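What follows is a single structure, written as structure tokens, with notes after it.
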Amino acid sequence: MASSLKGRNLLTLRDYTGEEIHYLLTYAEELKEKKKQGMIGNTLQGKNIVLLFEKTSTRTRCAFEVAAYDEGANVTFLSNSQMGKKESLRDTANVLGRFYDGIEFRGFKQETVEALAKYSGVPVWNGLTDLYHPTQALADFLTMKEHIDKPFEEMKLVYSGDGRNNVANSLLIASAKLGTDFVALSPPELMPDPILVEEMQKIAKQTGSTLTLTSDITEAMLHADAVYTDIWVSMGEEAQIEERIKLLAPYQVNGDMLAKAKNEHIIFLHCLPAFHDLNTEFGQMVYEKFGLKEMEVTDEVFYSSCSKVFDQAENRMHTIKAVMCATL
């Protein structure tokens with residue numbers, strides 16, 4: 001399996017089989033245990049990696065940097081390149097491919113990360129685009145594996161919120177390929193892309209997964225093992241905040257929603273950052289304009305014992321390390 005991943009890109013989990021996803025998760029577990037024991041790695045010794053960022057970041061940048069350093073790689077963080085400004089995307093990809101052994105991209109268009117992969121000649125990893133967030137989904141399923149005492153084929157994951165966003169898309173794909181029951185709990189206006197759903201339904205029939213789209217909270221949550229939500233407005237969509245509040249306020253993850261699962265072991269997941277209080281500039285702005293103290297999740301749930309959000313954040317590092325080591 002390791003040899004089959006060498007030289008591969010990670011642009012979307014659509015390109016990976018369920019077996020390959022399982023392998024990356026198992027590899028991440030091994031690397032996590034090695035780090036816990038204080039063992040220094042050298043799998044990436046002598047490798048040079050560039051992190052190409054159009055969007056701001058905390059977890060993605062830190063996870064890639066620490067993961068690379070842990071295994072001996074050198075890292076360049078690049079947020080002010082000439083790409084698309086004074087130099088074409090193709091030319092930038094060619095240049096970076098001559099300097100670096102691997103490229104991470106975090107930005108807007110999926111087409112950008114695909115072009116980097118096409119022209120650079122080295123493995124390219126998607127750290128987030130408008131369509132997909134594959135490294136996040138790997139961390140999410142590692143967290144589920146650690147905290148839910150069932151195989152993936154017996155788990156039920158509910159995503160509450162904007163069912164069309166990059167995280168929802170990646171969770172839908174991973175669920176179908178791993179055999180996990182997935183529910184997109186969204187208003188009708190924000191349901192997942194029908195083309196993606198149709199593609200994943202064909203895979204789900206083979207893996208035993210069920211993929212459900214619903215706006216009914218009671219139906220969605222019954223016997224859920226994990227409920228996941230994300231911010232209501234992604235980077236670049238801030239002008240849509242009023243519309244999103246109206247659409248998504250009923251889908252806030254709170255105590256009443258968790259109770260509908262009838263599962264005392266349910267876990268809460270969030271890719272972060274989360275707007276659950278007034279301790280951010282954005283949270284203050286929303287409160288002043290719309291009177292909301294909490295958005296996609298309540299403070300009570302966010303800091304409850306069922307919340308595994310900081311385990312998720314840590315697992316970004318371990319799964320990203322697995323991806324880089326496997327593909328380089």
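The values are calculated or read from the model by the stated rules, or taken from the named source; none is laboratory data. From a predicted model like this one, the values you see are computed outputs, not experimental measurements. Cβ atoms come from the backbone with ideal geometry, glycine included; neighbour counts cover every protein chain shown.
Among the criteria (1) within 24 Å of E243 (Cα to Cα); (2) touching an Asp or Glu at 6+ places or on another chain (Cβ under 8 Å), the one G179 does not fulfil is (1). Taking helices (runs of 4 or more DSSP H) as the structural unit, those lying wholly within the stretch 279-328 and holding at least 2 residues that are closer than 26 Å to L171 by Cα and acidic (D, E) correspond to 299-302, 309-327. A226 meets the stated requirement of being touching a residue at least 60 places away in the same chain (Cβ under 8 Å), in the same structural domain as G283 (by TED's automatic domain parsing) and crowded, with 18+ Cβ neighbours inside 10 Å. Looking at the stretch 162-176, is at least one residue at pLDDT 95 or above and more than 25 Å from V301 (Cβ to Cβ)? Scanning the stretch 162-176, I find at least one residue that is at pLDDT 95 or above and more than 25 Å from V301 (Cβ to Cβ), so the answer is yes.
Can you tell me which of I231, I320 is touching a residue at least 60 places away in the same chain (Cβ under 8 Å) and not assigned by TED's automatic domain parsing to the domain that holds A168? Exactly one of I231, I320 is touching a residue at least 60 places away in the same chain (Cβ under 8 Å) and not assigned by TED's automatic domain parsing to the domain that holds A168, namely I320. If you take the residues in the stretch 232-242 that are farther than 13 Å from L190 by Cβ and modelled with pLDDT of 90 or more, which one is surrounded by the fewest Cβ atoms within 10 Å (Cβ to Cβ)? Within the stretch 232-242, the match that is surrounded by the fewest Cβ atoms within 10 Å (Cβ to Cβ) is E242. Screening Y27, Y23, Y16, Y69 for residues that are in contact with a strand residue (DSSP E or B) (Cβ under 9 Å, 6 or more places away or on another chain) and closer than 19 Å to A174 by Cα leaves exactly one candidate, Y16. Could you identify the single residue in F310, F290, F282 that is surrounded by fewer than 21 Cβ atoms within 10 Å (Cβ to Cβ), among the hydrophobic types (A, V, I, L, M, F, W, C) and not assigned by TED's automatic domain parsing to the domain that holds F182? None of the others qualify; the one that does is F310.
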